[in-house]
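What follows draws every value from the coordinates through simple rules; no lab data is involved. Here the structure is a predicted model, which means the values were calculated and not measured. Cβ sites come from the backbone with ideal geometry, for glycine too, and all protein chains shown count toward neighbours.
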Amino acid sequence: MIRRLVLAAALAAAFATLALPALAQGTPQPVVKPIRGDTPIPESNHSGTYRMERHDRPVPRSYPQHPPIIPHNIKGYQITKNVNMCMVCHAKTAAPPSGATPVGKSHYLDRDGKESPNISTRRYFCLQCHVPQFDAEPLVSNTFKPAQ
């Protein structure tokens, strides 16, 4: 009896590994069309492909509560748990002499609404919300219109 069960299990395993994939290959697979269309993916992307836009003033916001866009190059900026290069210029004490936009008051509040002399750990990693502006064509066309 046990021999028959072992033999049946072995046959079932052999069928599953050999016959089922062969049967599945006869099934037509759905065609997936990528958003990029027929444009091939380049093997490498040269760093000079997109140029950082340089602004002498803040970039206008697209909608209320939109995090400001970074109007300068941030290549080489270090943001770790010990160092935040953004705060060298954008801290509330450093912004007036540097001419940078100061970090918003909300960035100094903890989760209970208490103000701290240093930026809140919840807002410490700037690139979670703020991004640099690049002079690049959109990857996908869209009909976005900024809020008035």
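Assorted remarks:
- Surrounding net charge for residue 119, when Lys and Arg each add one and Asp and Glu each subtract one, Cβ distance under 12 Å: +2
- Using the Cβ-Cβ distance between residue 110 and residue 62 with R0 = 35 Å, the FRET efficiency computed as 1/(1 + (r/R0)^6) comes to roughly 0.75.
- With the highest mean first, a sort of the peptides 94-103, 59-68 on other beta-carbon atoms found within 10 angstrom per residue produces 94-103, 59-68.
- Over all other residues within a Cβ to Cβ distance under 15 Å of residue 91, the charged ones net out to +2, with Lys and Arg as +1 and Asp and Glu as -1.
- The range 73-148: chymotrypsin sites (Phe, Trp or Tyr not before Pro) in DSSP coil with no more than 15 other Cβ atoms inside 10 Å: 125, 144
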